[in-house]
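Below is one structure, written out as C-alpha cells; comments come after it.
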There are 2 protein chains.
Amino acid sequence: MNLGTKPTLHSVAKRAQVSIASVSRVINGRPATAQTKARVEQAISELGYQPNSSARALKARTSEQICLILPDLSNPVFQSMIRGVQRGFRNSKYRVMLSTSAMTTLELVRQLENLGQSYADGLIINALIYDDEIVELLRKLNIPVVILGTTPKGLNADSIRVDNERGVQIGIDYLHSQNRNRILLLNGPQSTIPAKKRKKGFIDGLAKRGVQDPESHIVNCKAFTANAAIEALGSFKDLKNYDSVICANDLLAAGALRFFSDVNIKVPHQMSVVGIDNTDLADLLNPAITSIDFKAEYRGELAANFMIERLANPKTPLRRMLIEPELVIRKSV
Amino acid sequence: MNLGTKPTLHSVAKRAQVSIASVSRVINGRPATAQTKARVEQAISELGYQPNSSARALKARTSEQICLILPDLSNPVFQSMIRGVQRGFRNSKYRVMLSTSAMTTLELVRQLENLGQSYADGLIINALIYDDEIVELLRKLNIPVVILGTTPKGLNADSIRVDNERGVQIGIDYLHSQNRNRILLLNGPQSTIPAKKRKKGFIDGLAKRGVQDPESHIVNCKAFTANAAIEALGSFKDLKNYDSVICANDLLAAGALRFFSDVNIKVPHQMSVVGIDNTDLADLLNPAITSIDFKAEYRGELAANFMIERLANPKTPLRRMLIEPELVIRKSV
DNA sequence: GAGAAATATGTAAACGTTTACAGAATTAGG
DNA sequence: CCTAATTCTGTAAACGTTTACATATTTCTC
C-alpha cells in the first residue's frame, strides 16, 4: 500500500490497467466484464482503496448523510428515538448526524440554515414547538423532511405522529377499569404541541365520562422534567381529591413518584400513576410504572425508512402515519 | 434568489463583478479591499449563497465533521457524554456524526473501516472492549482519535479517563464513614475495561481496610443493565452478610433498588446503595441514589475540546487526562 | 464468417470549491 | 513624479469522483 498518499480512482485504474470510468463502474455495480471486474477488485484490495465521500458527494450531489434534530437529550424518550433512527439506517448507506441543541428557536434556526450547505440529504426532525419562522425555513429546505410528530400547518412533509388523544384515553379507560376514576393530568408546558394534544385527549376523555369541568383536573408543569413535576405537585392543594395521576411523560411520572414517596402517599395503593412514552425509565423506577407506549423507537425507525424510501423515490406521495399507542402495564396502578 | 439552481461561487462572483477567487477569499476572511468585501457580501446576501460543504471538503481536505462512536444508548451515561460532546462542538465549525451501533466488535470494525472514506476529520470513541483488531484499525486511522476512557496499549491518542479505582475508593470510604463496612460490589461483565478497573479499586480498597479475601465480596452481572443486576442478586445467597452495595453503574443500582424493594429490604435503612456515573437516572430513582460522579458530560466536552485543539494544531503533544471522580450524596446511604 | 445489434470500455468534462502564481493596482520613499 | 515595495485581484489548475458520449469489443443471426 502506497503509504503517504491515499489511493484514488486513478491509482486503482493504473494498477488494474483500466480506465477510471471502469473502476467507478465496478465500484457502483454497473455492468462490466468478469475480467475487468476481477482486476479492479484485486487492485482495490491490494491498494486498500476507499472512495472519497466528499468527491462522490460533490459530483453525485448526495452526501449520504441524514440530519437528525431533537430538542434535547435529557428526556429518555429521545434516546429511544435515536436508537430507532439509527436502527433504521443501519443497513443503508446513510450516516446520521445528530443535533440536539434545538431547545431554543434560535438554535434551531441556526441548524436549519446550516442545512443549506448541503451536507445532508434529508432531515428528520422533532421539535416541541414550530413557530412560523421554523415552518418557513423547513418549507424552504430543498431536502426531504420527515417530521417526528404532528406536521405543522402549511408544510408538506412525511410525518409519523402518535395518537396523543387516544393515548390519554387509553390511560383513562385503564384507570377506570381499575376503579380509579378521580384522575388528575400532570401535564407539561402548555406551549408545546404534545402538552396541548394530551390536554385535549384528557378533557375529551373525562367529558365522555360525564365529568364536570374537566379542565380543572389538570396541573401544568413548567417543563417536562421530574423537578418540574415535584414543584407543580408541591403547590397543588387538592391532591386528596384524586386517586390517580396521568403524567404527560415518564419524567414527570418519575417526579410524581418521588413526590408521593416524600409526602408518604403510597403508590399504587393510595395513588395510581400512569406515565407516557414507556421509556427505559418506566421499567427502572420503583414501582415500575405503567406507561402508555408511544412507540418512540419504532417511530424513529419508521422515520428512517420513510426517509430512505423518499430519497430512493422522491415522487412517492406524501405519507402521514398515525401510530396507535399501547398500554404497558406494570406496577404503578 | 434564482430559484431552481443553487447559487455558487460563480454566481456570486458574477453578481459582485469580481473573480471567484475574491469571493472565496472574502468568505474565508482573507484580506480584501473594503469595496470588494462589501460587494461580495451584498451579492451573497442577495443570492442567499451558502458554500457547498462537499466541494469545500474535497478541495480543502477537511469535512468539518467529527465521528462519535459509543457502545449503545441504553445506558444514560452515554446520554450525558453525547450532551457534553455536543456542547463542546457547539461553537465550533464541526458537526457531530453519531454511531451507537458499536456493541459488537463486528459493528465497530465496520464503523472504523468506513472512516477511511474521509467523511470525518476526527474520531471520539468510547468502547467497552478494545481487542487487537480494533486497536490495529484505530492505529491505522489517519485522523486524530480521542479516547473516552483508558487508551488501549500501543495506541497514541489523546485520552480522557476517569480514575476508576479512586472512584470506588471514595465509595468505600463514604460507606465506612456512615458505618457501613460490609460492602458488596455489584460489578458489570468482567470482559469490559470499566468492570476490571472497578474491581481492582474495590479489592485494593477493601484490602487496605484489612478485609480478608476481598474478591469474594463481588457479584458479577452479565451486563451493565438493571435486569442483569436483579438476576445476579437473585441468585446470590449471602446478601444477609452485607449492609451496603456499590454498583458499577447507575443502571445496576436501579436494578438493585428494585430487587431490594421486591425482597423487602429497606434502602437505605437495611441496605445502602451507591451508584456510579451519577447519571440523570440517579436523581430520578426512589430513593435518589448516592452516586460517584464520573463526570461523563464533562469528559465529553473535554474530548470535544481536545479534538478541536488537535485539529487546529496537530503537533500538540499527546494528552492523557485523568478526571477525579466526586461523590454526590443523595438518599440511598 | 460477414454484418448488425448489443454490450463494454475509454476519453473528457463537470461538480463547486481552494490556492499557487502572475499580473494589476496601490502605497511609500526619495 | 518615478521606481520599488507592498497589497490586492484574477486566471487557471487541482481535489476525486460520476457520467455522457464516442469508440471498441463481443455476441448474435443468418
(message) If I take every Cα pair under 8 Å that is 6 or more residues apart in chain A, average their sequence separation and divide by the length, what percent do I get for the relative contact order?
(response) 18 percent
(message) Using +1 at the C-beta of Lys and Arg and -1 at the C-beta of Asp and Glu, which of B:Val18, B:Leu106, B:Pro287 has the Cα lying farthest in the positive direction of the dipole of chain B?
(response) B:Val18
(message) Please state the shape class of the protein assembly as shown: rounded when a/c is under 1.5, otherwise prolate if a/b exceeds b/c and oblate if not, all from the C-alpha gyration tensor.
(response) oblate
(request) List the distances, in nm to one decimal, from the label point of A:His10 to the label points of the same position in every other copy, shortest first, placing each label point 7 Å from Cα along the Cα-to-Cβ direction. (result) 2.2
(request) Please give the calculated 222 nm ellipticity per residue for the protein assembly as shown, where each DSSP H segment of at least 4 residues contributes -39500 (n - 2.57) and the sum is spread over every residue; nearest 500 deg cm²/dmol? (result) -13000 deg cm²/dmol
(request) Between B:Val96, B:Val26, B:Val267, find the one with the highest GNM mean-square fluctuation for chain B; connect C-alpha pairs within less than 10 Å. (result) B:Val26
(request) Run down the lysines and flag those whose C-alpha is under 22 Å from the C-alpha of A:Lys295, throwing out any fewer than 8 positions away in its chain. (result) A:Lys196, A:Lys197, A:Lys199, A:Lys200, A:Lys331
(request) Among B:Pro152, B:Ala120, B:Ala226, pick out the residue whose Cα is farthest towards the positive end of the charge dipole of chain B, where Lys and Arg carry +1 and Asp and Glu carry -1 on C-beta, about the Cα centre. (result) B:Ala120
(message) Classify segment B:186-254 from the C-alpha gyration tensor, please: rounded if a/c falls under 1.5, else prolate or oblate depending on whether a/b exceeds b/c.
(response) oblate
(message) So the label point sits 7 Å from Cα along the Cα-to-Cβ vector; using that for B:Ala38, what distances do you get to the other copies, in nanometres, sorted shortest first?
(response) 6.9
(request) Assign unit charges at the C-beta atoms only (+1 for Lys and Arg, -1 for Asp and Glu), then state the dipole size of the protein assembly as shown relative to its Cα centre in Debye, rounded to the nearest 20. (result) 2080 debye
(message) Can you tell me, using C-alpha contacts under 8 Å and at least 6 residues apart, the relative contact order of segment A:209-265 as a whole percent?
(response) 37 percent
(message) Restricting to DSSP loop positions (anything but H, G, I, E, B) with no more than 11 other Cβ atoms inside 10 Å of their own Cβ, which trypsin sites (Lys or Arg not before Pro) remain in segment B:277-330?
(response) B:Lys315
(request) Enter the per residue convex hull volume of segment B:1-113, computed from alpha-carbon coordinates, in Å³ rounded to the nearest integer. (result) 145 Å³
(message) Once R0 is set to 51 Å, what does the formula 1/(1 + (r/R0)^6) return for the Cβ-Cβ distance between A:Ser216 and A:Glu41, expressed as a FRET efficiency to the nearest 0.05?
(response) 0.10
(message) Only Cα pairs within less than 10 Å get springs; with that Gaussian network setup on chain B, which residue of B:Ser291, B:Ser244, B:Ser53 has the largest fluctuation?
(response) B:Ser53
(message) Measuring nothing but label to label, 7 Å from Cα along Cα→Cβ, what are A:Thr105's distances to the other copies in nm, shortest first?
(response) 5.3
(request) When a/c is below 1.5 the answer is rounded, else prolate if a/b is larger than b/c, else oblate, so apply that to chain A with a ≥ b ≥ c taken from the square roots of the Cα gyration tensor eigenvalues. (result) prolate
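Every number in this text was worked out from the coordinates using simple rules, so none of it is lab data. Predicted model only: the values in this text are computed from it and were never measured. No Cβ is skipped: glycine too gets one built from the backbone with ideal geometry, and neighbour counts run over all protein chains shown.
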